[in-house]
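Please read the structure below before turning to the comments.
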Amino acid sequence: MGDLINHRLRQSWTGDGADAASLPDRAVRWLGQRIGPIGADRGRRVDSVPNLADSALPSQAREDLSAVVGSEHVLVGAAERLARAGGLSYLDLLHRRLGDAVPAPDAVVLPASPEQVQAVLEVCVRHDVGVVPFGGGTSVVGGVAALRGDKPAVIALDLVRLDALVSVDAESHVAVLQAGVRGPAAEQLLGEHGFTLGHVPQSFERATIGGFAATRSAGQASSGYGRFEDMVTGVRVATPRGEWRLGVAPASAAGPDLRQLAVGSEGTLGVITEVALRVRPVPASRCYEGYVIDGWAAGSSAMRLLAQNHATADVTRLSDVDETAVSFALNAGWKTAALRAFLRLRGVRHPCLLIVGWEGSLARRRHTARLLRQAGAVRIGTALGESWRHGRFSGPRQRDALMDLGVCVETLETAAYWSRLDDLHDAVRAALTASLGQAIVMCHVSHVYETGASLYFTVLTSRDDRDPVGQWQRAKHAASEAIAGLGTITHHHAVGVDHAPYLAPEIGSLGLSVLRAAKSAVDPTGILNPGKLLA
């Protein structure tokens, strides 16, 4: 068993995932021509984990925590601590590959119930120990970094044992899930009762219900099912000042909606232990189709046309020219060649791939198809749409393969009103290209609203081995500066550490004061997730 744990840790720490996808040789050659030197000799990786200092958790605190959850659920070994020492950003993975020392929690505590979570917080208040709530560990903005702040020690509060479906109100279409339930498990548990949550972000396979709520997550079908905060009807939150329960009815005018203060709080205002969610019957059918439209401006206009005519599909996604080109290059073959020839015959010179997907009733398809034809989109058919759906989670696996080749690969996202969207798209692309030089900067829209849309950028460039960390930090800073004033600093990745400097400019100094007042009310000693959101 110990060997298995160490093997899993090594996968987690060094990025050596067994499910990493390999890239075809032709794709590697194509990328090298576009982004500079890459190859198997560039994928430097250590085969060990860094040494950690001994745990700084006071012995009395450890004893008190053990009295709450059991000594077997208070872990202070290096392997267990390193496994919760960060998230899944490019820099997180890079540090692991290079064997860099990073902040690690002094202990991992695994409670089994909301009551135990509450008791753990009470212990940590007494001993002035920081608490980092930990779910699936998928944050890409430093949201689960084990920062101590001004605390002498910090624990990772791993909610993996809070994995139950608490209740299903079939008549009201409301289900209560514990915070540690992962995406696939949630769908399995709800499916046994004939329901689905319909929340499928790219982190779906690892992320948890609590994490979805704490970060205001958005899934691929947000146009149909809504963002995660739209699904939340109630929350149960453990805080250093006591338990907080919110949500007793489908709607209320009893003051501001405090549920939305807990949702998106990123573990700084409390530990979400249960979430009551609106669920829907499992759809009887699904249909995903592919379209291609000529150019980003035409594609963006088509998305706006759908949104403002209430004709968006459950999944509505537009790739820009570069993302479409990469998709075609990575899937080269006679089918792709035939598609390119067909598009040229149709006059499409700058193809942008558009995916629309319906879940449940397909009656809306005709209206959507008519508007897309009106916008100049060319229907390719269901094969392309289904191919995208089945390959939805290949991105993270391909990232491991790309990093093995010495590729710097990372994502960032934002959102803006339609009137600013194209300017924002161009500004971020220009900022990233200017910072990185020879690079592929691609983008897609996957969350569409009547008033605007999200932009999700993926960056590929040859890693600068002289300063690989600084290479991305400079690029991210340039992109963030381009975003400021045109859009939000984050649409669904959350604030964490990386975006904290941009929170005050977005919500204003008074808004920041309101959040800090709430923090003081529920966490007066500041033990909850030090250094995040309000840093």
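Each reported figure results from applying straightforward, stated rules to the coordinates on display, with no laboratory input. Because the structure is predicted, anything quoted here is derived from the model rather than measured. Glycine gets a Cβ as well: all are built from the backbone with ideal geometry, and neighbour counts include every protein chain shown.
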Longest principal axis of the chain (C-alpha) makes with the long axis of helix 503-522 (C-alpha) an angle, in degrees to the nearest 10, of 30
Rounded to the nearest 10 degrees, the helix 321-330 long axis (Cα) sits at an angle to the longest Cα principal axis of the chain of 90
Sorted on mean Cβ neighbours within 10 Å (highest first), peptides 498-510, 334-346 come out as 498-510, 334-346
By the mean-Cβ-within-10 Å protection proxy, highest first, 295-302, 251-258 rank as 295-302, 251-258
At R0 = 51 Å the Cβ-Cβ FRET efficiency linking LEU23 and ALA164, nearest 0.05, sits at 0.80
If the chain between GLN473 and LEU512 were fully extended at 0.36 nm per residue, the gain over the current Cα-Cα distance would be 11.6 nm
About its Cα centre, the range 159-273 carries a charge dipole, from +1 on Lys and Arg Cβ atoms and -1 on Asp and Glu Cβ atoms, whose size in debye to the nearest 20 is 340
Computed from the beta carbon distance with a Förster radius of 56 Å, FRET efficiency for SER285 and ASP465 to the nearest 0.05 stands at 0.65
Checking rank on 378-391, 361-374, with mean other Cβ inside 10 Å and highest first, the result is 378-391, 361-374
Of the residues SER217, LEU269, PHE228, the Cα lying farthest along the dipole of the range 208-322 towards its positive end, which is defined by charges on the beta carbon of Lys, Arg, Asp and Glu, belongs to LEU269
1/(1 + (r/R0)^6) with r = Cβ-Cβ of ASN51 and ARG420, R0 = 45 Å, i.e. FRET efficiency to nearest 0.05, evaluates to 0.40
The distance between the Cα centres of the range 347-391 and the range 136-203, in whole Å, is 32
